[in-house]
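Student: Dumping the structure here so I can ask a few things about it.
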Amino acid sequence: MGKKNTRQLVFLLREADGLGKSVIGGKGFGLVEMTKLGLPVPPAFAILAGASRAFLEEGMLPKRLEWQLRRGIADLEKQTGRKFGGRERPVLVSVRSGAKVSMPGMMDTILNLGLNQASRKGFADEVGETQGATVQSLFESGFRKATGAAEIPEDPWTQLRLAIATVCRSWESPRAVAYRKA
């Protein structure tokens, strides 16, 4: 595969062939490899390690990340027939770390992101009230614990940006630093 755009921070899995673990992390690399083998992999995209490095150096996410995230989410919506933050058939996303070498449990993960007042009912209509309430509760407690937020933003894009910043910041958490030293 030819040289990748060095300004690009978000790669759809089908575009990420040839990117190594040091660029897209072990999880992203594994998903790309499984996709190449024809295994069933949920729609996903990878945010390159460069976005995290920039965040840690500058204290904010790179500006170009925003439109690239919108492209990635639009691709997920197209592949799933769902809408991020939508009232009906919402697509939920997870923000996970992906270091070159696995660091189990060391960095933050936020699951089921995208739930808000608008999407809550549509999600519960699909999975049932009990399961919907359970997923909502897990999302809210996980989001609050990881981000330190007292309130969950209603805007799914704000949730996404906060989750990405939180996962980037967790690289410098005492547990992750100690794990790398060990």
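Student: Over all Cα pairs of the chain, how is the pair count split among 5 Å bins, expressed in % and running from 0 up to the last occupied bin?
Tutor: 1, 8, 15, 19, 21, 17, 11, 5, 2, 0
Student: Okay, moving on. Which shape class applies to the range 106-182: rounded if a/c is under 1.5, otherwise prolate when a/b exceeds b/c and oblate if not, where a ≥ b ≥ c are the square roots of the Cα gyration tensor eigenvalues? Kindly include the intermediate steps, with their values, before the conclusion.
Tutor: On the way: a/c = 3.23, a/b = 2.14, b/c = 1.51.
Taking the square roots of the gyration eigenvalues as a ≥ b ≥ c, the range 106-182 is prolate.
Student: Hey, another quick one. Using the Kirkwood radius built from alpha carbon pairs, what does the Stokes-Einstein equation give as D for the range 114-156 at 20 °C and 1.002 mPa s, in µm² per second?
Tutor: Details: Rh = 10.6 Å.
It comes out at roughly 201 µm²/s.
Student: Based on the alpha-carbon gyration tensor of the range 19-98 and its eigenvalue square roots a ≥ b ≥ c, which shape applies: rounded if a/c is under 1.5, prolate if not and a/b is larger than b/c, or oblate? Write out the running numbers ahead of the final one.
Tutor: Working: a/c = 2.49, a/b = 1.16, b/c = 2.14.
The shape class here is oblate.
Student: Compute the separation of the alpha-carbon centres of the range 17-34 and the range 109-135 and state it in Å as a whole number.
Tutor: 29 Å
Student: Continuing with this model, one more query. For a label point 7 Å from the Cα of Ser22 along Cα→C-beta, name the residues of the range 50-82 whose backbone N is under 13 Å from it.
Tutor: Of the residues in the range 50-82, 50 have backbone N under 13 Å from the label point off Ser22.
Student: Set the bar at 29 Å for Cα to Cα. Now go through Lys145/Lys181; Lys27/Lys121; Lys36/Lys145; Lys83/Lys145; Lys63/Lys83 and name every pair that lies beyond it.
Tutor: Working: Lys145/Lys181 25 Å; Lys27/Lys121 31 Å; Lys36/Lys145 36 Å; Lys83/Lys145 26 Å; Lys63/Lys83 23 Å.
Correct reply: Lys27/Lys121; Lys36/Lys145.
Student: Please name whichever of Asn112, Ile73, Leu61 sits farthest to the positive end of the charge dipole of the chain, dipole taken about the Cα centre and charges placed at Cβ: Lys and Arg +1, Asp and Glu -1.
Tutor: Leu61
Student: OK, next. Quick one: length gained pulling Glu154 to Ala74 fully straight, 0.36 nm per residue minus the C-alpha distance? It would help to have the intermediate numbers written out before the result.
Tutor: Numbers: separation 80, 0.36 × 80 = 28.80 nm, distance 1.90 nm.
That pair, Glu154 and Ala74, stretches by 26.9 nm at full extension.
Only the coordinates and a few stated rules stand behind these numbers; no lab work does. Quick caveat: nothing in here was measured; it's all calculated off a predicted structure. Cβ coordinates were reconstructed from backbone atoms using ideal geometry, including for glycine residues, and neighbour counts include every protein chain displayed.
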